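Remarks on the structure that follows.
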Number of protein chains: 2
Amino acid sequence: MKDKAVLNESDIPFFSVDWGRTKVLVGKGSPAASDRVMVKITEYLPGYIHEKHVHPVQEEIIFVLSGRGLTETAGGKRDIKPGDVVFIPAGLEHATYNPYKETLRAVIIKSPPDND
Amino acid sequence: MKDKAVLNESDIPFFSVDWGRTKVLVGKGSPAASDRVMVKITEYLPGYIHEKHVHPVQEEIIFVLSGRGLTETAGGKRDIKPGDVVFIPAGLEHATYNPYKETLRAVIIKSPPDND
């Protein structure tokens, strides 16, 4: 049986992505490695965009911790704020924007986890 | 294809559990219903205990938003605080305690989701 893991997110370094920076709490490279789910903290920096993309198999959940942003699907854009939960089913094209002056900080949950 | 869902956690009511109160952000009864993952906000109230139990199949992740508490497995108890991530593999007996004066508020992620 796998062991329990306890870690603090502040001990995990961010790495840069095109839309800001992210860190893996649960997933590859973390002491908490799951085959079922991936959990990250992502910061969408002011002025940055996570361009439209599709996860053919993965579901994604964005739980906003702080800041503001925009989520977009074919239905249009809408604002997101702290406490908002965005559920993106597999196969749905989506994008995330931060046109505001404050960093948009969110917990990102993906299932199944990324392969790389 | 399922649709995207956007909701705010403050619009979802808590229901009582033996260790405090909880609400389902993603899962049964939510507009964001996933077959893969369940996401809840749980508040472990001061003086309350989520007694030792086992999820034979489900993995559980506790991401602490605020407050303090204790997580216990066979290896012993340890304090948890904001930013802590507790990863509990399937089959591992565990408990959560809040012996402190402040509510322990956490995001709970379970995969696969609860059946009931």
Criterion first (touching a Leu at 6+ places or on another chain (Cβ under 8 Å), closer than 28 Å to A:Val54 by Cβ and among the charged types (D, E, K, R)) does B:Lys4 satisfy it? yes
Heads up, the strands (runs of 3 or more DSSP E) in the range B:9-94 (entirely inside) with at least 1 residues that are on the phi < 0 side of the Ramachandran plot and in contact with a strand residue (DSSP E or B) (Cβ under 6 Å, 6 or more places away or on another chain) are B:20-26, B:38-44, B:49-53, B:59-66, B:69-73, B:76-80, B:84-88
Residues of the range B:24-42 being away from chain A (no Cβ under 11 Å) and over 10 Å from B:Ile108 (Cβ atoms), in sequence order, are B:Lys28, B:Gly29
Exactly one of these conditions fails for A:Ser66: (1) free of Cβ contacts under 8 Å to residues at least 60 places away in the same chain; (2) surrounded by 18 or more Cβ atoms within 10 Å (Cβ to Cβ). Give me its number. (2)
A:Ala32 fails exactly one of (1) within 25 Å of B:Ile62 (Cβ to Cβ); (2) hydrophobic (A, V, I, L, M, F, W, C); (3) within 14 Å of the chain's Cα centre (by Cα), namely (3)
Filter pass, B:Ala106 being more than 7 Å from chain A (Cβ to nearest Cβ), buried (at least 20 other Cβ atoms within 10 Å of the Cβ) and part of a strand (DSSP E or B): yes
Positions within the range B:73-108 being touching a Phe, Trp or Tyr at 6+ places or on another chain (Cβ under 7 Å) and not polar (S, T, N, Q), in sequence order: B:Val85, B:Leu104, B:Ala106, B:Val107
Any residue in the range B:91-114 that is free of Cβ contacts under 8 Å to residues at least 60 places away in the same chain and closer than 24 Å to A:Ile61 by Cα? no
So, of the residues in the range A:66-89 that are within 8 Å of another protein chain (Cβ to nearest Cβ) and aliphatic (A, V, I, L, M), which turns out to be farthest from the chain's Cα centre (by Cα)? A:Ile80
Of the candidates B:His94, B:His50, the one satisfying the condition of being more than 10 Å from chain A (Cβ to nearest Cβ), in contact with a Ser or Thr (Cβ under 6 Å, 6 or more places away or on another chain) and more than 18 Å from A:Ile108 (Cα to Cα) is B:His50
Pick from the range A:1-34, criterion polar (S, T, N, Q) and modelled with pLDDT of 95 or more, ranking: surrounded by the most Cβ atoms within 10 Å (Cβ to Cβ): A:Thr22
Scan the range B:50-61 and report the pairs whose first residue is among the charged types (D, E, K, R) and whose second residue is in a strand (DSSP E or B) and surrounded by 11 or more Cβ atoms within 10 Å (Cβ to Cβ), with Cβ atoms within less than 6 Å and a gap of 6+ or a chain change. B:Glu51/B:Ala95; B:Lys52/B:Ala95; B:Glu59/B:Ser111; B:Glu60/B:Ile88; B:Glu60/B:Lys110
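The values are calculated or read from the model by the stated rules, or taken from the named source; none is laboratory data. Quick caveat, the model's predicted, so the values are computed rather than measured. Counting neighbours? That spans all protein chains shown, and the Cβs are built from the backbone with ideal geometry, glycine included.
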